[in-house]
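For reference, the structure discussed in these notes is given below.
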Amino acid sequence: MSGYSIKRIDEMESVARGTFRKARAELGVTSFGIQVIDFPPNADRYPEHDHAHDGQEEVYLALSGTGEIEVDGERVALDTESIVRVDPGAKRKVYAGPDGMRLLALGGTPGSPYEVKEFTELGQPDPFASL
């Protein structure tokens, strides 16, 4: 058995009509969350949320395309040259630009072991199927 894993993003299992790629599970990562989200042009339906309930901080990086993230009412650019970290209690909402955006999202709780969210496991039902 080798000491690494590799998987093409477009071959990863996904939910939410193929937009939310289960990168963490596909790569076998257990220490932090990692997902790839493909946003169509001008997408604005990504839910506003925070992680006050679980203490998870998140980091975002646009792998391609551009967009914005609104954090506690302030919008900042998401692009391939900027990385954004968001505190657990801060409200955040992502918006894609006119060309769409492929976004890498990383998450973990400082000082605590990572807890896998069941829907991110391979083979689990799509919680977004009815949306």
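To the nearest 20 Debye, how big is the dipole of region 1-54 about its Cα centre, given +1 on the beta carbon of each Lys and Arg and -1 on that of each Asp and Glu? Charge dipole of region 1-54: 220 debye, to the nearest 20. The residues neighbouring Leu78, those whose beta-carbon lies less than 14 Å from its own, together hold a net charge of -4 under the Lys/Arg +1, Asp/Glu -1 convention. Taken as Cα centroids, region 92-130 and region 29-64 sit 5 Å apart, rounded to the nearest whole angstrom.
According to the square roots a ≥ b ≥ c of the eigenvalues of the Cα gyration tensor, what is the shape class of region 1-106, taking rounded for a/c under 1.5, prolate for a/b larger than b/c otherwise, and oblate for the remainder? Oblate is the answer for region 1-106, as a/c is 1.5 or above yet b/c matches or exceeds a/b. Annotation: lysines with alpha-carbon distance below 25 angstrom to Lys7 (same-chain offsets under eight excluded): Lys22, Lys117.
Charged side chains reduced to their Cβ positions (Lys and Arg at +1, Asp and Glu at -1) give region 33-131 a dipole of some 100 debye around its Cα centre.
Every read-out reported here was derived from the displayed coordinates using simple, explicitly stated rules and does not represent laboratory data. Small disclaimer: the values here were computed from a predicted structure and weren't measured. So basically every Cβ, Gly included, is an ideal-geometry build from the backbone, and we count neighbours across all protein chains shown.
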